[in-house]
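What follows is one structure encoded as structure tokens, with my remarks underneath.
The values are calculated or read from the model by the stated rules, or taken from the named source; none is laboratory data. No experiment lies behind these values; they were computed from the predicted model shown. Glycine gets a Cβ as well: all are built from the backbone with ideal geometry, and neighbour counts include every protein chain shown. Surface areas here come from the heavy atoms of the whole protein model, side chains and all, with no ligands, DNA or RNA. Shrake-Rupley method; radii C 1.70, N 1.55, O 1.52, S 1.80 Å.
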Amino acid sequence: VQLVESGGGLVQAGGSLRLSCAASGGTFNVMGWYRQAPGKQRELVARIIAGSGGGTTNYADSVKGRFTISRDNAKNTVDLQMNSLKPEDTAVYYCNAGSSVLAIMRGAAYWGQGTQVTVSS
């Protein structure tokens, strides 16, 4: 299994970036994005759980209304559209995938290599 992220970079506050993650070698009920800022723990940004109507999404409170997660099951990809970016969004963003939320919590998950997002003030 391999998760390959793309789309990170440097952007000014208020700007937008779109992260993409392509999965190969497996399909997953749960796909999402985490981030880790310097000196901080890795945290969930958003996840999408496969299901009817496009699936169920969860967001961290800090990104609600600004970030949107989506997935394309045919292409086995998950994207994160990030709008109205703030300097506190600066972090390494990691793609994540697993069979269920519980499995991921127990450590049974796959991770991408990470992509840097830097938001300047």
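What are the residues in the stretch 57-85 that are among the charged types (D, E, K, R) and surrounded by 15 or more Cβ atoms within 10 Å (Cβ to Cβ), if any? I'd like the intermediate steps shown before the answer.
Filtering the stretch 57-85 down to residues among the charged types (D, E, K, R) leaves 61, 64, 66, 71-72, 75, 79.
Residues satisfying the conditions are 66, 71, 79.
Out of all the residues in the stretch 28-35, is one or more among the hydroxyl-bearing types (Ser, Thr, Tyr) and either touching a helix residue (DSSP H, G or I) at 6+ places or on another chain (Cβ under 9 Å) or farther than 24 Å from residue 86 by Cβ (or both)? Please lay out each step first, then the result.
Narrowing the stretch 28-35 to residues among the hydroxyl-bearing types (Ser, Thr, Tyr): 34.
Still in the list and also either touching a helix residue (DSSP H, G or I) at 6+ places or on another chain (Cβ under 9 Å) or farther than 24 Å from residue 86 by Cβ (or both): none.
Taking every residue of the stretch 28-35 in turn, none turns out to be among the hydroxyl-bearing types (Ser, Thr, Tyr) and either touching a helix residue (DSSP H, G or I) at 6+ places or on another chain (Cβ under 9 Å) or farther than 24 Å from residue 86 by Cβ (or both).
Tally the residues that are modelled with pLDDT of 95 or more and in contact with a strand residue (DSSP E or B) (Cβ under 7 Å, 6 or more places away or on another chain), restricting the search to the stretch 37-55.
The qualifying residues number 9.
Could you tell me whether any residue of the stretch 20-39 is part of a loop (DSSP other than H, G, I, E, B), hydroxyl-bearing (Ser, Thr, Tyr) and under 16 Å from residue 110 (Cβ atoms)?
From the stretch 20-39, those part of a loop (DSSP other than H, G, I, E, B) are 25-29, 37-39; that's our starting set.
Adding the requirement that they be hydroxyl-bearing (Ser, Thr, Tyr) leaves 27.
Retained after the next criterion (residues that are under 16 Å from residue 110 (Cβ atoms)): 27.
So far as the stretch 20-39 goes, yes, one or more of its residues are part of a loop (DSSP other than H, G, I, E, B), hydroxyl-bearing (Ser, Thr, Tyr) and under 16 Å from residue 110 (Cβ atoms).
What's the total number of residues in the stretch 95-121 that are within 15 Å of residue 47 (Cβ to Cβ), part of a strand (DSSP E or B) and open to solvent by 40 Å² or more (accessible area, probe 1.4 Å)?
2
Residue by residue through the stretch 36-56, note down the ones that are under 16 Å from residue 86 (Cβ atoms) and open to solvent by less than 60 Å² (accessible area, probe 1.4 Å).
Passing the criteria: 37, 45, 46.
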